[in-house]
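Enquirer: What follows is a single structure, and I will ask about it in a moment.
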Amino acid sequence: MLNATPPFDALMDITARPHAVFVRGEGAYLWDDKGKRYLDFIQGWAVNCLGHTPAVLADAIAAQARLLITPSPAYYNAASLELAKALVDASCFDQVFFANSGAEANEGAIKLARRYGAKHRNGAFEIITFEGGFHGRTLATMSASGKKAFEPLFEPKVAGFKKAKLNDLASVQALINGNTVAVMLEPIQGEAGVWPATDQFLKELRALTQEHGLLLIVDEIQTGMGRTGRLFGHEHAGIEPDIMTLGKGIGGGAPLAALLATEKASCFEHGDQGGTFNGNSLMCAVGSAVLEEVGKPAFLKAATEAGLYLESELQKLSARHGLGEVRGRGLLLALDLKLPIGAAIVAQAFEAGLLLNSPQPDALRFMPALNVTREEIGEMIDQLDAILTKAGAARRVA
Ligand SMILES: Cc1ncc(COP(=O)(O)O)c(C=O)c1O
(Lines give C-alpha, C1' and ligand atoms only; values in the text may rest on other atoms or scores of the structure.)
Protein backbone atom coordinates (compact mmCIF):
# COMPACT_ATOMS: atom_id res chain seq x y z
CA MET A 1 0.00 0.00 0.00
CA LEU A 2 1.23 3.52 -0.77
CA ASN A 3 1.92 5.69 2.27
CA ALA A 4 2.50 8.95 0.44
CA THR A 5 0.07 10.05 -2.23
CA PRO A 6 2.00 11.16 -5.30
CA PRO A 7 1.29 14.72 -6.53
CA PHE A 8 -1.81 14.91 -8.75
CA ASP A 9 -0.54 17.87 -10.73
CA ALA A 10 2.07 15.89 -12.67
CA LEU A 11 -0.83 14.52 -14.73
CA MET A 12 -2.64 16.66 -17.28
CA ASP A 13 -5.94 17.73 -15.81
CA ILE A 14 -8.33 16.29 -18.38
CA THR A 15 -11.31 15.46 -16.16
CA ALA A 16 -12.64 15.98 -12.64
CA ARG A 17 -11.58 13.02 -10.49
CA PRO A 18 -12.12 12.28 -6.80
CA HIS A 19 -8.88 12.46 -4.81
CA ALA A 20 -8.65 8.74 -4.12
CA VAL A 21 -5.79 6.68 -5.54
CA PHE A 22 -6.55 3.11 -6.48
CA VAL A 23 -3.86 0.59 -5.75
CA ARG A 24 -5.47 -2.84 -5.98
CA GLY A 25 -8.40 -4.63 -7.54
CA GLU A 26 -9.90 -8.10 -7.25
CA GLY A 27 -13.08 -9.30 -8.94
CA ALA A 28 -15.89 -6.82 -8.24
CA TYR A 29 -13.83 -4.73 -5.77
CA LEU A 30 -11.20 -1.98 -5.83
CA TRP A 31 -9.11 -0.67 -2.92
CA ASP A 32 -7.64 2.82 -2.57
CA ASP A 33 -4.37 3.79 -0.90
CA LYS A 34 -6.14 4.33 2.43
CA GLY A 35 -7.40 0.74 2.37
CA LYS A 36 -11.02 1.71 1.62
CA ARG A 37 -12.91 -0.89 -0.43
CA TYR A 38 -15.25 0.01 -3.31
CA LEU A 39 -17.82 -2.17 -5.08
CA ASP A 40 -17.16 -1.48 -8.76
CA PHE A 41 -20.10 -1.21 -11.19
CA ILE A 42 -18.00 0.78 -13.69
CA GLN A 43 -15.20 -1.79 -14.17
CA GLY A 44 -12.83 0.40 -16.15
CA TRP A 45 -15.78 1.78 -18.19
CA ALA A 46 -17.29 -1.54 -19.34
CA VAL A 47 -13.79 -2.89 -19.84
CA ASN A 48 -12.94 -5.48 -17.17
CA CYS A 49 -15.34 -8.13 -18.43
CA LEU A 50 -13.79 -10.75 -16.12
CA GLY A 51 -13.52 -8.36 -13.15
CA HIS A 52 -10.33 -6.93 -11.68
CA THR A 53 -7.05 -8.87 -11.99
CA PRO A 54 -8.51 -12.24 -13.12
CA ALA A 55 -5.98 -15.06 -12.85
CA VAL A 56 -6.45 -16.09 -16.49
CA LEU A 57 -5.27 -12.66 -17.63
CA ALA A 58 -2.41 -12.41 -15.15
CA ASP A 59 -1.23 -15.87 -16.28
CA ALA A 60 -1.58 -15.04 -20.00
CA ILE A 61 0.34 -11.77 -19.57
CA ALA A 62 3.12 -13.38 -17.53
CA ALA A 63 3.51 -16.36 -19.89
CA GLN A 64 3.50 -14.25 -23.07
CA ALA A 65 5.83 -11.62 -21.57
CA ARG A 66 8.39 -14.35 -20.99
CA LEU A 67 7.99 -15.69 -24.53
CA LEU A 68 7.69 -12.68 -26.84
CA ILE A 69 6.33 -9.16 -26.32
CA THR A 70 6.54 -7.91 -29.91
CA PRO A 71 8.61 -8.77 -32.93
CA SER A 72 7.37 -5.53 -34.72
CA PRO A 73 4.35 -5.28 -36.99
CA ALA A 74 6.59 -5.95 -39.99
CA TYR A 75 6.47 -9.66 -39.09
CA TYR A 76 3.76 -12.19 -38.33
CA ASN A 77 3.52 -13.33 -34.73
CA ALA A 78 1.79 -16.46 -33.46
CA ALA A 79 -0.38 -14.74 -30.82
CA SER A 80 -1.98 -12.32 -33.30
CA LEU A 81 -2.62 -15.07 -35.87
CA GLU A 82 -4.27 -17.16 -33.18
CA LEU A 83 -6.54 -14.36 -31.95
CA ALA A 84 -7.46 -13.24 -35.49
CA LYS A 85 -8.47 -16.82 -36.36
CA ALA A 86 -10.54 -17.16 -33.17
CA LEU A 87 -12.37 -13.85 -33.83
CA VAL A 88 -13.06 -14.79 -37.44
CA ASP A 89 -14.36 -18.21 -36.35
CA ALA A 90 -16.63 -16.62 -33.74
CA SER A 91 -18.14 -13.98 -36.06
CA CYS A 92 -19.43 -13.30 -39.58
CA PHE A 93 -16.21 -11.48 -40.51
CA ASP A 94 -13.22 -12.72 -42.53
CA GLN A 95 -10.28 -10.53 -41.54
CA VAL A 96 -9.02 -8.59 -38.54
CA PHE A 97 -6.73 -5.58 -37.97
CA PHE A 98 -5.67 -5.11 -34.34
CA ALA A 99 -5.54 -1.67 -32.72
CA ASN A 100 -4.72 -0.25 -29.28
CA SER A 101 -7.89 1.69 -28.47
CA GLY A 102 -11.50 1.87 -29.53
CA ALA A 103 -11.01 5.23 -31.21
CA GLU A 104 -8.12 3.84 -33.24
CA ALA A 105 -10.22 0.84 -34.34
CA ASN A 106 -13.03 3.22 -35.40
CA GLU A 107 -10.55 5.48 -37.18
CA GLY A 108 -9.51 2.35 -39.08
CA ALA A 109 -13.16 1.53 -39.89
CA ILE A 110 -13.65 5.04 -41.28
CA LYS A 111 -10.50 4.74 -43.40
CA LEU A 112 -11.56 1.28 -44.61
CA ALA A 113 -14.97 2.63 -45.68
CA ARG A 114 -13.33 5.53 -47.51
CA ARG A 115 -10.93 3.08 -49.17
CA TYR A 116 -13.95 0.98 -50.23
CA GLY A 117 -15.63 4.12 -51.64
CA ALA A 118 -12.49 5.05 -53.58
CA LYS A 119 -12.24 1.55 -55.03
CA HIS A 120 -15.83 0.55 -55.62
CA ARG A 121 -18.13 3.60 -55.41
CA ASN A 122 -16.59 6.37 -57.50
CA GLY A 123 -14.87 8.05 -54.58
CA ALA A 124 -17.88 8.08 -52.24
CA PHE A 125 -16.70 9.02 -48.75
CA GLU A 126 -19.64 10.13 -46.63
CA ILE A 127 -20.59 8.05 -43.63
CA ILE A 128 -24.00 8.41 -42.02
CA THR A 129 -23.68 8.32 -38.23
CA PHE A 130 -26.21 9.12 -35.50
CA GLU A 131 -27.18 11.94 -33.16
CA GLY A 132 -26.03 10.97 -29.68
CA GLY A 133 -23.51 8.45 -31.04
CA PHE A 134 -20.03 8.16 -29.54
CA HIS A 135 -17.09 6.77 -31.48
CA GLY A 136 -14.00 8.12 -29.71
CA ARG A 137 -11.74 11.13 -29.23
CA THR A 138 -9.50 11.30 -32.29
CA LEU A 139 -10.43 14.09 -34.70
CA ALA A 140 -12.25 11.80 -37.13
CA THR A 141 -14.07 9.82 -34.44
CA MET A 142 -15.12 13.03 -32.65
CA SER A 143 -16.45 14.23 -35.99
CA ALA A 144 -18.29 10.93 -36.47
CA SER A 145 -19.79 11.19 -32.97
CA GLY A 146 -23.13 12.90 -32.46
CA LYS A 147 -22.28 14.14 -28.97
CA LYS A 148 -23.54 17.70 -28.49
CA ALA A 149 -20.60 18.73 -26.27
CA PHE A 150 -18.15 17.88 -29.10
CA GLU A 151 -19.82 20.23 -31.58
CA PRO A 152 -17.87 23.43 -30.78
CA LEU A 153 -14.55 21.66 -30.17
CA PHE A 154 -11.40 21.39 -32.30
CA GLU A 155 -12.76 23.02 -35.41
CA PRO A 156 -12.66 22.42 -38.28
CA LYS A 157 -14.12 18.93 -37.98
CA VAL A 158 -13.18 16.11 -40.32
CA ALA A 159 -15.72 16.38 -43.15
CA GLY A 160 -18.03 13.65 -44.39
CA PHE A 161 -20.22 12.65 -41.44
CA LYS A 162 -23.96 13.23 -41.63
CA LYS A 163 -26.12 12.58 -38.58
CA ALA A 164 -29.37 10.62 -38.69
CA LYS A 165 -31.74 9.86 -35.82
CA LEU A 166 -31.49 6.51 -34.06
CA ASN A 167 -34.41 4.14 -34.80
CA ASP A 168 -35.67 6.43 -37.59
CA LEU A 169 -35.05 4.79 -40.95
CA ALA A 170 -36.51 7.70 -42.93
CA SER A 171 -33.87 10.00 -41.40
CA VAL A 172 -31.16 7.69 -42.77
CA GLN A 173 -32.84 7.40 -46.17
CA ALA A 174 -33.01 11.18 -46.43
CA LEU A 175 -29.20 11.48 -46.07
CA ILE A 176 -28.20 8.91 -48.71
CA ASN A 177 -26.69 10.42 -51.84
CA GLY A 178 -24.06 9.59 -54.45
CA ASN A 179 -21.26 10.38 -51.97
CA THR A 180 -22.51 7.98 -49.29
CA VAL A 181 -20.39 4.92 -48.66
CA ALA A 182 -21.43 3.61 -45.23
CA VAL A 183 -23.71 3.81 -42.21
CA MET A 184 -22.05 3.49 -38.80
CA LEU A 185 -23.72 3.00 -35.41
CA GLU A 186 -23.53 1.48 -31.94
CA PRO A 187 -26.09 -1.29 -31.33
CA ILE A 188 -26.68 0.49 -28.01
CA GLN A 189 -25.60 4.12 -27.62
CA GLY A 190 -23.70 3.78 -24.35
CA GLU A 191 -22.21 7.19 -23.65
CA ALA A 192 -25.45 8.93 -24.69
CA GLY A 193 -27.19 7.19 -21.77
CA VAL A 194 -27.80 3.59 -22.95
CA TRP A 195 -30.22 4.06 -25.84
CA PRO A 196 -30.65 0.81 -27.82
CA ALA A 197 -31.12 0.59 -31.57
CA THR A 198 -34.10 -1.76 -31.85
CA ASP A 199 -33.57 -5.14 -33.48
CA GLN A 200 -36.16 -4.10 -36.07
CA PHE A 201 -34.23 -0.91 -36.89
CA LEU A 202 -30.98 -2.85 -37.26
CA LYS A 203 -32.70 -5.32 -39.61
CA GLU A 204 -34.19 -2.49 -41.69
CA LEU A 205 -30.86 -0.68 -41.74
CA ARG A 206 -29.13 -3.82 -42.99
CA ALA A 207 -31.70 -4.17 -45.79
CA LEU A 208 -31.46 -0.46 -46.68
CA THR A 209 -27.66 -0.44 -46.82
CA GLN A 210 -27.69 -3.58 -48.97
CA GLU A 211 -30.24 -2.07 -51.32
CA HIS A 212 -27.98 0.99 -51.82
CA GLY A 213 -24.67 -0.91 -51.88
CA LEU A 214 -23.51 0.79 -48.65
CA LEU A 215 -21.36 -0.71 -45.93
CA LEU A 216 -22.88 -1.25 -42.50
CA ILE A 217 -20.37 -0.60 -39.71
CA VAL A 218 -21.22 -1.60 -36.13
CA ASP A 219 -19.21 0.00 -33.35
CA GLU A 220 -19.30 -2.79 -30.75
CA ILE A 221 -16.60 -1.29 -28.56
CA GLN A 222 -19.03 -1.14 -25.65
CA THR A 223 -21.61 -3.76 -26.70
CA GLY A 224 -19.20 -6.45 -27.88
CA MET A 225 -17.50 -9.32 -26.04
CA GLY A 226 -20.59 -10.55 -24.22
CA ARG A 227 -21.72 -7.23 -22.74
CA THR A 228 -25.31 -7.71 -24.02
CA GLY A 229 -25.42 -11.47 -23.32
CA ARG A 230 -24.42 -12.49 -26.87
CA LEU A 231 -20.79 -12.35 -28.00
CA PHE A 232 -21.63 -9.37 -30.25
CA GLY A 233 -24.63 -7.07 -29.79
CA HIS A 234 -25.77 -7.16 -33.44
CA GLU A 235 -26.37 -10.92 -33.13
CA HIS A 236 -29.64 -10.21 -31.28
CA ALA A 237 -31.01 -8.68 -34.51
CA GLY A 238 -29.80 -11.61 -36.61
CA ILE A 239 -27.89 -9.34 -39.02
CA GLU A 240 -24.45 -9.61 -40.60
CA PRO A 241 -22.72 -6.20 -40.85
CA ASP A 242 -19.77 -5.55 -43.19
CA ILE A 243 -17.44 -4.05 -40.59
CA MET A 244 -17.30 -4.28 -36.78
CA THR A 245 -15.04 -2.62 -34.24
CA LEU A 246 -14.20 -4.06 -30.82
CA GLY A 247 -12.39 -2.49 -27.87
CA LYS A 248 -12.90 -2.32 -24.10
CA GLY A 249 -13.86 -5.92 -23.15
CA ILE A 250 -11.66 -7.60 -25.76
CA GLY A 251 -8.59 -6.90 -23.61
CA GLY A 252 -10.36 -7.47 -20.28
CA GLY A 253 -8.65 -4.29 -18.98
CA ALA A 254 -5.54 -4.38 -21.16
CA PRO A 255 -5.34 -2.00 -24.13
CA LEU A 256 -6.49 -3.98 -27.16
CA ALA A 257 -9.01 -3.24 -29.90
CA ALA A 258 -9.87 -4.70 -33.27
CA LEU A 259 -11.32 -3.84 -36.65
CA LEU A 260 -13.07 -6.75 -38.36
CA ALA A 261 -14.35 -6.84 -41.94
CA THR A 262 -15.95 -9.23 -44.38
CA GLU A 263 -13.91 -10.31 -47.39
CA LYS A 264 -15.86 -7.83 -49.55
CA ALA A 265 -15.14 -4.85 -47.26
CA SER A 266 -11.57 -5.77 -46.34
CA CYS A 267 -9.84 -3.71 -49.03
CA PHE A 268 -6.79 -2.00 -47.47
CA GLU A 269 -3.70 -1.98 -49.64
CA HIS A 270 -0.11 -1.97 -48.43
CA GLY A 271 0.70 1.33 -46.79
CA ASP A 272 -2.94 2.24 -45.98
CA GLN A 273 -2.95 1.08 -42.37
CA GLY A 274 -0.54 0.08 -39.63
CA GLY A 275 1.00 1.07 -36.31
CA THR A 276 3.95 0.14 -34.13
CA PHE A 277 2.03 -1.69 -31.39
CA ASN A 278 -0.78 -3.05 -33.56
CA GLY A 279 -1.19 -6.78 -33.13
CA ASN A 280 1.65 -7.07 -30.63
CA SER A 281 2.02 -10.55 -29.14
CA LEU A 282 1.48 -9.48 -25.53
CA MET A 283 -1.95 -7.89 -26.04
CA CYS A 284 -3.09 -10.55 -28.51
CA ALA A 285 -2.30 -13.28 -25.98
CA VAL A 286 -4.49 -11.37 -23.51
CA GLY A 287 -7.26 -11.16 -26.14
CA SER A 288 -7.16 -14.91 -26.71
CA ALA A 289 -7.41 -15.58 -22.97
CA VAL A 290 -10.44 -13.24 -22.70
CA LEU A 291 -12.18 -14.67 -25.76
CA GLU A 292 -11.70 -18.20 -24.52
CA GLU A 293 -13.54 -17.33 -21.28
CA VAL A 294 -16.22 -15.00 -22.64
CA GLY A 295 -16.95 -17.16 -25.67
CA LYS A 296 -18.01 -20.14 -23.55
CA PRO A 297 -21.80 -20.72 -23.87
CA ALA A 298 -22.04 -21.20 -20.10
CA PHE A 299 -20.31 -17.84 -19.50
CA LEU A 300 -22.67 -15.98 -21.83
CA LYS A 301 -25.69 -17.75 -20.30
CA ALA A 302 -24.59 -16.68 -16.81
CA ALA A 303 -23.99 -13.09 -18.01
CA THR A 304 -27.48 -13.04 -19.55
CA GLU A 305 -29.01 -14.30 -16.29
CA ALA A 306 -27.04 -11.73 -14.27
CA GLY A 307 -28.28 -9.02 -16.65
CA LEU A 308 -31.90 -10.09 -16.22
CA TYR A 309 -31.50 -10.18 -12.44
CA LEU A 310 -29.90 -6.70 -12.37
CA GLU A 311 -32.66 -5.39 -14.63
CA SER A 312 -35.44 -6.77 -12.41
CA GLU A 313 -33.78 -5.47 -9.23
CA LEU A 314 -33.39 -2.02 -10.82
CA GLN A 315 -37.04 -2.07 -11.87
CA LYS A 316 -38.06 -2.81 -8.26
CA LEU A 317 -35.79 -0.03 -7.03
CA SER A 318 -37.28 2.35 -9.58
CA ALA A 319 -40.82 1.48 -8.48
CA ARG A 320 -39.87 2.00 -4.79
CA HIS A 321 -38.44 5.47 -5.46
CA GLY A 322 -40.81 6.65 -8.21
CA LEU A 323 -38.04 6.71 -10.84
CA GLY A 324 -38.24 6.04 -14.58
CA GLU A 325 -37.51 3.19 -16.98
CA VAL A 326 -34.65 0.69 -16.95
CA ARG A 327 -33.22 0.36 -20.44
CA GLY A 328 -30.43 -1.52 -22.19
CA ARG A 329 -29.56 -5.16 -22.57
CA GLY A 330 -27.50 -7.74 -20.75
CA LEU A 331 -25.04 -6.01 -18.42
CA LEU A 332 -25.25 -2.60 -20.08
CA LEU A 333 -28.22 -1.00 -18.34
CA ALA A 334 -29.38 2.48 -17.40
CA LEU A 335 -31.84 3.71 -14.81
CA ASP A 336 -33.79 6.85 -15.67
CA LEU A 337 -33.68 9.11 -12.59
CA LYS A 338 -36.24 11.54 -14.05
CA LEU A 339 -34.30 14.42 -12.44
CA PRO A 340 -30.75 15.75 -13.06
CA ILE A 341 -29.40 14.18 -9.86
CA GLY A 342 -26.99 11.68 -11.46
CA ALA A 343 -23.77 13.47 -10.46
CA ALA A 344 -24.95 13.89 -6.84
CA ILE A 345 -25.88 10.18 -6.59
CA VAL A 346 -22.50 9.17 -8.06
CA ALA A 347 -20.66 11.39 -5.52
CA GLN A 348 -22.63 9.97 -2.57
CA ALA A 349 -22.11 6.43 -3.85
CA PHE A 350 -18.36 7.05 -4.04
CA GLU A 351 -18.33 8.19 -0.41
CA ALA A 352 -20.25 5.02 0.50
CA GLY A 353 -17.75 2.82 -1.37
CA LEU A 354 -19.74 2.17 -4.53
CA LEU A 355 -18.56 3.10 -8.03
CA LEU A 356 -21.39 4.15 -10.35
CA ASN A 357 -21.50 6.19 -13.55
CA SER A 358 -23.93 8.86 -14.70
CA PRO A 359 -23.49 9.24 -18.48
CA GLN A 360 -26.25 11.88 -18.60
CA PRO A 361 -27.45 14.15 -15.75
CA ASP A 362 -30.70 12.17 -15.38
CA ALA A 363 -29.41 8.61 -15.77
CA LEU A 364 -27.22 6.06 -14.01
CA ARG A 365 -25.38 3.46 -16.07
CA PHE A 366 -24.49 -0.02 -14.80
CA MET A 367 -21.64 -1.91 -16.46
CA PRO A 368 -20.30 -4.45 -13.95
CA ALA A 369 -17.98 -7.33 -14.76
CA LEU A 370 -19.77 -9.97 -16.83
CA ASN A 371 -19.18 -12.52 -14.07
CA VAL A 372 -20.85 -10.33 -11.41
CA THR A 373 -22.70 -12.42 -8.82
CA ARG A 374 -26.26 -12.07 -7.48
CA GLU A 375 -24.76 -11.19 -4.08
CA GLU A 376 -22.73 -8.34 -5.59
CA ILE A 377 -25.81 -7.09 -7.45
CA GLY A 378 -27.77 -7.27 -4.19
CA GLU A 379 -25.05 -5.34 -2.35
CA MET A 380 -25.09 -2.60 -5.01
CA ILE A 381 -28.90 -2.36 -4.95
CA ASP A 382 -28.93 -2.08 -1.13
CA GLN A 383 -26.35 0.73 -1.21
CA LEU A 384 -28.15 2.58 -4.00
CA ASP A 385 -31.48 2.11 -2.23
CA ALA A 386 -30.07 3.82 0.88
CA ILE A 387 -28.64 6.70 -1.18
CA LEU A 388 -31.92 7.20 -3.07
CA THR A 389 -33.86 7.13 0.20
CA LYS A 390 -31.61 9.87 1.59
CA ALA A 391 -31.85 11.88 -1.65
CA GLY A 392 -35.66 11.55 -1.61
CA ALA A 393 -35.82 12.68 2.04
CA ALA A 394 -33.58 15.65 1.24
CA ARG A 395 -35.85 16.63 -1.66
CA ARG A 396 -38.93 16.36 0.57
CA VAL A 397 -37.32 18.61 3.21
CA ALA A 398 -36.25 21.14 0.56
C1 LIG B 1 -19.12 2.89 -28.56
C2 LIG B 1 -17.74 3.41 -28.30
N3 LIG B 1 -16.92 3.62 -29.34
C4 LIG B 1 -15.67 4.07 -29.16
C5 LIG B 1 -15.18 4.35 -27.92
C6 LIG B 1 -13.78 4.86 -27.76
O7 LIG B 1 -12.95 3.86 -27.24
P8 LIG B 1 -11.54 4.27 -26.56
O9 LIG B 1 -11.86 5.11 -25.38
O10 LIG B 1 -10.91 2.95 -26.24
O11 LIG B 1 -10.78 5.02 -27.60
C12 LIG B 1 -15.99 4.15 -26.80
C13 LIG B 1 -15.51 4.48 -25.44
O14 LIG B 1 -16.26 4.73 -24.52
C15 LIG B 1 -17.31 3.66 -27.01
O16 LIG B 1 -18.14 3.47 -25.97
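The values are calculated or read from the model by the stated rules, or taken from the named source; none is laboratory data. Fair warning: this is a prediction, and the values are worked out from it, not measured in the lab. With ideal geometry, Cβ positions are generated from the backbone for all residues, glycine too; neighbour counts draw on all protein chains shown. Side chains are part of the model used for accessible areas, which takes the heavy atoms of the whole protein and leaves out ligands, DNA and RNA. Shrake-Rupley method; radii C 1.70, N 1.55, O 1.52, S 1.80 Å.
Enquirer: I'm trying to understand the selection: among the residues of region 11-52, which are surrounded by fewer than 15 Cβ atoms within 10 Å (Cβ to Cβ) and of a type in the set (Val, Ile, Thr)?
Expert: Ile14, Thr15, Val21, Val23 - these are the residues of region 11-52 that are surrounded by fewer than 15 Cβ atoms within 10 Å (Cβ to Cβ) and of a type in the set (Val, Ile, Thr).
Enquirer: Continuing with the same structure: Name the residue, out of Ala363, Ala349, Ala334, Ala302, that is of a type in the set (A, V, I, L, M, F, W, C) and open to solvent by 20 Å² or more (accessible area, probe 1.4 Å).
Expert: Ala302
Enquirer: Would you mind telling me which numbered condition in (1) within 16 Å of the ligand (Cβ to nearest atom); (2) on the phi < 0 side of the Ramachandran plot; (3) in contact with a helix residue (DSSP H, G or I) (Cβ under 7 Å, 6 or more places away or on another chain) Ser101 fails?
Expert: Condition (3) is where Ser101 drops out.
Enquirer: Let me ask something else. Can you find a residue in region 295-306 that is within 14 Å of the ligand (Cβ to nearest atom), polar (S, T, N, Q) and either modelled with pLDDT under 95 or within 29 Å of Asp336 (Cβ to Cβ) (or both)?
Expert: no
Enquirer: For the structure I just gave you, tell me whether Ala46 is modelled with pLDDT of 95 or more and among the hydrophobic types (A, V, I, L, M, F, W, C).
Expert: In short, yes.
Enquirer: Keeping to region 187-205, report how many residues are surrounded by fewer than 20 Cβ atoms within 10 Å (Cβ to Cβ) and in a helix (DSSP H, G or I).
Expert: So the answer is 5.
Enquirer: Confirm whether Leu216 is part of a strand (DSSP E or B) and in contact with a Lys or Arg (Cβ under 9 Å, 6 or more places away or on another chain).
Expert: Taking the combined requirement at face value, the residue satisfies it.
Enquirer: Another question about this same structure. Mind listing whichever residues of region 24-69 are part of a helix (DSSP H, G or I), within 20 Å of Glu293 (Cβ to Cβ) and of a type in the set (A, V, I, L, M)?
Expert: Passing the criteria: Ala46, Ala55, Val56, Leu57, Ala58, Ala60, Ile61, Ala62, Ala63, Ala65.
Enquirer: I need the full set of residues from region 76-127 which are among the acidic types (Asp, Glu) and part of a helix (DSSP H, G or I), in order please.
Expert: Within region 76-127, Glu82, Asp89, Glu104, Glu107 qualify.
Enquirer: For Ser72, indicate whether it is away from the ligand (no atom under 16 Å from the Cβ), among the small types (Gly, Ala, Ser), touching a residue at least 24 places away in the same chain (Cβ under 8 Å) and assigned to a loop (DSSP other than H, G, I, E, B).
Expert: yes
Enquirer: Among the candidates Glu235, Glu240, Glu211, single out the residue that is open to solvent by 10 Å² or more (accessible area, probe 1.4 Å), more than 16 Å from the ligand (Cβ to nearest atom), out of contact with any Leu (no Cβ under 6 Å at 6 or more places or on another chain) and touching a residue at least 60 places away in the same chain (Cβ under 8 Å).
Expert: When all the criteria are applied, what remains is Glu240.
Enquirer: If you don't mind, there's one more thing I want to ask. Could we say that Arg329 is in contact (Cβ under 8 Å) with a residue 40 or more places away in the chain, surrounded by fewer than 18 Cβ atoms within 10 Å (Cβ to Cβ) and of a type in the set (D, E, K, R) here?
Expert: Considered against the rule, which asks whether it is in contact (Cβ under 8 Å) with a residue 40 or more places away in the chain, surrounded by fewer than 18 Cβ atoms within 10 Å (Cβ to Cβ) and of a type in the set (D, E, K, R), Arg329 comes out as no.
Enquirer: Being out of contact with any strand residue (DSSP E or B) (no Cβ under 8 Å at 6 or more places or on another chain), at pLDDT 95 or above, among the small types (Gly, Ala, Ser) and open to solvent by 40 Å² or more (accessible area, probe 1.4 Å) is the requirement here; does Ala55 meet it?
Expert: When the stated conditions are applied, Ala55 passes them.
Enquirer: Name the residues in region 154-168 that are open to solvent by less than 50 Å² (accessible area, probe 1.4 Å) and over 17 Å from Glu107 (Cα atoms), would you?
Expert: Scanning region 154-168 gives Ala164, Leu166.
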